[in-house]
Structures are given as structure tokens and as C-alpha cells.
Amino acid sequence: MPPLRITGESLLQEQILTLETVVAAATDKGEKTRLEEKLQRLRQELSIVQERQALEAREQSLRDDRPTGTLDQLRTLLRGFETTMADAEVRLRALAERRIAVVSARDALASQIASRNLSTGATAERQAEAEDRMFTINEELRALAFEQEATEGEIALVRDADHVRELLKLSETAEEHPSLRSLFDAYNQLKQERKSGSQLAALMSDLDQNLAINQASMEVSRQKLAKFDEELALLEKQTGFFRRDPKIERLMAQQRSQKAALVEVLPKMIRQVEAIQHSKRALAMRQSLDEATKAWQEEKFTQARSAYYLRLRWPAVILVSLVILHFVLAYLVLPVFRKNETLFLSRRLLRYGLILVGTVSVAGFLFDDLTTVAATLGIVSAALVISLQDVFTSIAGWFVITIGGKFGIGDRLEIDGTRGDVLDIELLRTTMLEINAWLGMDQPTGRVIVIPNNFIFKNKVFNFTHGHPFIWGKIDVTVTFATPVASAMSLFKRILEEETADQFADAKQAASKMQRRYGVPDADYVPKIYTHIADSGVTLTLVFVAHYRKFSATRNRINRRLVAELETRRHIQMAYNTFSVLTSAASADGPSAVLGSDLTTPPFARPPN
């Protein structure tokens, strides 16, 4: 088309140029006036052609510049829907009223047919006419039912269009902020559209089957109508005014009656087919709208997913940074300031802290409304606390242990009669290496004890190392009443001073730190001996101090020194419980008076009864 228009414009221009030359060369005034009028008309025609071409070029340019995205296609499709909900509902009410009237007529006719069947005067012709009318009414009801379905399809189309308009309005007013919730909503909408598409396809398949059946039935009725005409034409040839045949005339009357009934039914069949086709058109429009909506939802979901993945780069950067920071602090910085047990605990606390920071940071990026998340987590946490009370109490115990700092890894504790060295303090449990137990000395038994952290709220905890690692011990030595107690005390005190001089010196320094920390003086760190009178002598209690890991060794060393010193000092006698057995025997001469009766040689003593 554009080349033809350009060619027409060129021809007009050539004609104008030629005519201008002719006008300029014309000598006849009348002829020149006529040629000038024709030249003016050609110029006007050229101007109109040029304006029209400019408008068409502008329209083509606008058509080319018009966006062709899924959203624009959906809006264009929505602008093509002219049916309103009010009009469709009015038609639906009118069809419902007509159907009620037809149902009433059918019920009345059914009553008449039933009464005629009971009467004996009903002829076969009347009965057949009544049945034909019943068939016609039923076809009318079927036509009304299909028309109602078609109107309901229009209403469903209007509802779908209104729903899509609401979605578009919400999409325009929604914030362009990628979040997990918006991505989830977009996915759910896309999933619903896909489900709706499969349902519409099933409905279209049912309509195709109904349409094929009704069209076949309508075609059969038309063929029967044509056959009725042929049969009537043949029967009319066989009868006339001069040769009347009652049987043929009766047959012709039946054929005319059936033809009239068929002529009355055929428009209703046509209405049924047209109603089904109308339903198909409405359903096809719904499918087109659904396809356009699904394409828009897929594009929207793809954009939301891409935007959300793009947004995830910052949480990924934070997590990678936290991992790098963990390795730098845990393996480069902390070993400079912490050693052994404190290093292990510091690394664990650092890991927990970075996990908490990472969780909060990622949650801040992934969830927009943190208040809603916090409220939800609060409700869930309350339910979990009730159902998992011991677990959360252990977690709270871990916080108390970690923040309180009353004991840590490497400390020796006694909890509910169980003594051990702390190996690890986890979020839910504390692990200890058992000490003493059946050994009766401060040596590991080899068993590992795992205790839930809620013990901090339920049991007494004895810490052997809090403040300083020195603990007190005692050794009880009982001497006889004949032993000079002053000499024994002097000896024992000298032994204590010599064997525990270093421990007492270290303990005094540790006690000064304890006093500075709590402001309360500790004990007087000097060897002490206390006395009390026992049943078998005087008990001297030697009190000493030792490192908790060297307690058994220190006590063993003092005991060995005491035994060695007492062996060289006979005047210091150890007292112990004794008892005497007094017996009486008859005097006799010979060895039996000294050695006792020899019951192994005769005469044997008679054993008591």
C-alpha cells in the first residue's frame, strides 16, 4: 500500500507540473480559466493525499512505538469487554422467570396427560399431540437452560475481568520492593492461574461435545423435515378429489402433525446450538483472558524472582564477611590474648555471636516487616517454651553460666555430689571429666559426665577454682595421752611449714587478688594445728593449703613425712582403739596352766550340749 500511495502522489505532482505548463502557454482566456480551476482541484487533491499519508505515517509510528508487553496486551484485552455485570444479571433473571413459566406449563401438561391416560375416551391422536407438545416444552426448557449457562458464562467472564482489574490496581499501588512475601504471593497467583487454565480447558472440552451432539440432532431434525415434505408430496399424488383414500388421508394428517411439531421444535434446537456457541465464545474469551493473565503473572514472577535474587547479594556478602571475620578473629587475634581453656570458650562465644549477627542481618534483608516476624516468633517461642521447658531452661542456664562467669572450662566443680573438671560448656549441656568417685582421691576416673545446663537453677554448685586455685585440707593424727602433746605439735607444725611453704606463699598472693575483687578478706594462709580430746587420746588436726590439682600429692607427701618422723621419735605414740578380753580358767599343774588346754590331745573336752 505505501508504494501505491507514493506513486499516486508522484502522478499528481507530474499532472500539476504538466498542467501548470499548459496554463502558462494558454492564450484563450476561457480555456485558461478552466485549466486553472482544474489545476486548483489537483493541488487540493495533492494536499489531501499528503495529509492522509502524514496521518497514516503518524499512526504507524504510534503503533510501532506502542509497548507490546504482557501487561499492555492484558489491558488491551480488558478494554474489549463491553458486557457489564448488571446487564448479564438482568438477562439471567429474565431467563429464570421464563423457565419458571415453562416448568409450570410442563407440569400442567403432564397432569393433563396423566388424566387422559386414566380416562377411556382419550384417542391415540390426542395422546400423540400431547406427547409432541411435551417434547416441545422439554426442548424449550433445554434451550433456556443452555441460554442460562451462556449468560452465567458471561457473568463469569465479567467477574474474571473485574478480578484481573483488581490485580492490576493492586500491582500498580504495591511497593516495588522485592521481598520473600511478594515472591511467595506472585508464585501463588501464578499457580492459581495455571489451575484455572486447566479447569477452563476441561469446560471447553465439555462444550465441544455438547455442541457436536446438538448440531447432529439439529441436522437430523432438518433431514426429517425434508423427508416429511417428500413423503407428503408422494401421498398427495396418491389421493385427490376424485379418489379419496381415508387411510392415506389419516397418514397425511399424522405426517402434517409431526411436521408441525418438528417445525415448532427446530427453532428451539437452533437456540440451543446458538446458546452453546455463545457459551463457547464467552469461555474462549475467558481462556484468552486467562492466558494473558498467566503470561503477565509469569513475567511478574520472573521479575520478582530476579529482583529478589539480586537483593540476596547483600546477605551473601554479609555472611561471607562474617565467615572471614570468624576465621581472622578465632585463629589470628584470639590466640594472642587467650590460651587453652579460655581460647576454646572465646572461640565458641565468638561463633555464637557471629551466628546471631548473621541471623539478624539476613532477617533484616529477607523480611520487610520485622514486627510481624517478631510477633510470630514470640508466639511460637511461647509454645515451644511450654512444650520444651527443660531445653529452654538449659539454654537460659547457658546464658547465666556464660555471662555470670562463675565457672568456665578447666574449673573443678562438685554438683549434686558429683565432682569433675569442666571440659566443655555447650548451649544445652556441660561436659565434665569425673574426679574422685570410687577412687577416694583426686584422680580422674576416666568417665565423662554430661549435665544439662539447667542444673544452675536447681543444684548447689561447688567451685574449687573460683577466685584462686588453692583449697584447704586437713590430716587428723591421734596420739596417746602419755605423749607430750607440745612436742608433737611442734614437730607437726614444722613438717607443715616445710612441706607446704610454697603453696602457702602462692595462696597468699591469690588471696590478695580475691580480696581486691570482692572486697572481703579471705582466710589467714598459715599452717594451723587444732586439737581436741578423743576417746583414745588427743587428736591433732593439721590444716594445710594446696593447689586443687596437687591436693592428693600434697597430702600424700605430708603423710609420708609424718610417718618417717614418727619412726625416729618413740616418745610420740600413735593412739588407736584397743580392747581386752578377760577369761578365767581352773589352776592346773603342767604346761596347760601356761599354754591353755590342748583340746587336740585326749582326753578331749566334751563339747557343750
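The values are calculated or read from the model by the stated rules, or taken from the named source; none is laboratory data. As the structure is a computational prediction, the values presented were derived from the model and not from experiment. Backbone-built Cβ (ideal geometry, glycine too); neighbour counts: all protein chains shown.
Condition first: of a type in the set (S, T, N, Q) and either on the phi > 0 side of the Ramachandran plot or touching a residue at least 40 places away in the same chain (Cβ under 8 Å) (or both). Now tell me which residues in the range 423-440 satisfy that.
Within the range 423-440, just Asn436 meets the criteria.
For the range 508-548, which positions are of a type in the set (Val, Ile, Thr) and outside any strand (DSSP E or B)?
Taking the range 508-548 as the starting set, the residues that turn out to be of a type in the set (Val, Ile, Thr) are 520, 526, 529, 531, 533, 538-539, 541, 543, 545.
Correct list: Val520, Val526.
Where residues in the range 318-330 are farther than 17 Å from Tyr352 by Cβ and exposed (fewer than 11 other Cβ atoms within 10 Å of the Cβ), which of them is nearest to the chain's Cα centre (by Cα)?
The qualifying residue nearest to the chain's Cα centre (by Cα) is Val320.
In this structure, is Asn454 at positive phi and either of a type outside the set (Lys, Arg) or out of contact with any helix residue (DSSP H, G or I) (no Cβ under 9 Å at 6 or more places or on another chain) (or both)?
The answer is no for Asn454.
When you go through Arg133, Arg58, Arg99 one by one, which is the residue that is closer than 29 Å to Leu207 by Cβ, modelled with pLDDT of 70 or more and out of contact with any Ser or Thr (no Cβ under 9 Å at 6 or more places or on another chain)?
Just one listed residue meets the conditions, Arg99.
For the range 420-457, which positions are surrounded by 16 or more Cβ atoms within 10 Å (Cβ to Cβ) and of a type in the set (D, E, K, R)?
Residues satisfying the conditions are Asp421, Arg429, Glu434, Asp442.
With the condition kept exactly as written, say whether any residue in the range 122-130 is modelled with pLDDT under 85, assigned to a helix (DSSP H, G or I) and polar (S, T, N, Q).
Yes: one or more hits.
Suppose we filter Gly537, Gly467 for residues that are touching a helix residue (DSSP H, G or I) at 6+ places or on another chain (Cβ under 7 Å) and not hydrophobic (A, V, I, L, M, F, W, C); which single one remains? Walk me through how you get there before you give the answer.
Values: Gly537 fails: touching a helix residue (DSSP H, G or I) at 6+ places or on another chain (Cβ under 7 Å).
Residue meeting the stated conditions: Gly467.
What number of residues within the range 510-528 are in contact with a Phe, Trp or Tyr (Cβ under 9 Å, 6 or more places away or on another chain) and buried (at least 16 other Cβ atoms within 10 Å of the Cβ)?
The qualifying residues number 5.
Kindly establish whether Phe481 is surrounded by fewer than 16 Cβ atoms within 10 Å (Cβ to Cβ) and part of a helix (DSSP H, G or I).
no
Do the conditions hold for Lys406, that is, is it under 30 Å from Lys508 (Cβ atoms), exposed (fewer than 14 other Cβ atoms within 10 Å of the Cβ) and not assigned by TED's automatic domain parsing to the domain that holds Met514?
In short, yes.
Here are some conditions: (1) surrounded by fewer than 16 Cβ atoms within 10 Å (Cβ to Cβ); (2) at pLDDT 85 or above; (3) not charged (D, E, K, R). Phe337 meets all but one. Which one does it not meet?
So the condition that Phe337 fails would be (2).
When you go through Gln199, Gln254, Gln215 one by one, which is the residue that is part of a helix (DSSP H, G or I), modelled with pLDDT under 75 and not small (Gly, Ala, Ser)? Working first, answer last.
On the way: Gln199 fails: modelled with pLDDT under 75; Gln215 fails: modelled with pLDDT under 75.
From the options Gln199, Gln254, Gln215, the qualifying one is Gln254.
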